[in-house]
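> Quick one: the structure is below, and I'll ask about it shortly.
Bear in mind that the values in this text are calculations on the coordinates, not laboratory data. None of these values were measured; they are calculated from a predicted model. All Cβ positions, even for glycine, are placed from backbone atoms using ideal geometry, and neighbour counts span all protein chains on display.
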Amino acid sequence: MKRIRGFGGKSYGGNKPEKMIKDLQKMQEEMSERLKKLEEDFEQTEVEASAGGGAVTVRAKCNYEITSIEYDSDLLEDSEMFNDLLIAAVNEVLREISKKREEETQKITGSLQTPFGL
């Protein structure tokens, strides 16, 4: 393949398909390792959410494992309100987990750059 020089002296083309495939395989392996490490980190990362002005607080790890639920004992008198606040807090902690996972994954995948200058 013929090399073409663009403005600013940057070369386009000229890479051999074998090198491009090896570069892609290397990138895939690196990405796989980084994502595996990230999943391990998610097992240790914890988020928290509350509902009812802090009447119910739920903590969970970013691997979707609930680690604790705390609530005001006064809520037990009204089981319907307790149920609603518990559902709200769990849903909020799940949103926080999703947000955290997306942010951390974007840090890895957002930095992905092709070796071909594309």
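> For region 33-89, name all the residues that are part of a strand (DSSP E or B) and of a type in the set (S, T, N, Q). Working first, answer last.
Here is the first cut: in region 33-89, the residues part of a strand (DSSP E or B) are 46-51, 56-61, 65-71.
Hits for region 33-89 are SER50, THR57, THR67, SER68.
> Counting just the residues of region 24-61 that are under 30 Å from ASP72 (Cα atoms) and among the polar types (S, T, N, Q), which one comes out surrounded by the fewest Cβ atoms within 10 Å (Cβ to Cβ)? If you could, list the steps in order and put the result at the bottom.
Within region 24-61, the first condition is being under 30 Å from ASP72 (Cα atoms), and the residues that meet it are 42-61.
Of the ones still in play, those that are also among the polar types (S, T, N, Q) are 44-45, 50, 57.
Details: GLN44: 9, THR45: 15, SER50: 18, THR57: 18.
Filtering first and then ranking leaves GLN44.
> If you don't mind, another one. Would you check if there is a residue in region 58-72 being out of contact with any strand residue (DSSP E or B) (no Cβ under 7 Å at 6 or more places or on another chain) and on the phi > 0 side of the Ramachandran plot?
Within region 58-72, the subset out of contact with any strand residue (DSSP E or B) (no Cβ under 7 Å at 6 or more places or on another chain) is 63-65, 72.
Of the ones still in play, those that are also on the phi > 0 side of the Ramachandran plot are 64.
Yes; the residues of region 58-72 include at least one that is out of contact with any strand residue (DSSP E or B) (no Cβ under 7 Å at 6 or more places or on another chain) and on the phi > 0 side of the Ramachandran plot.
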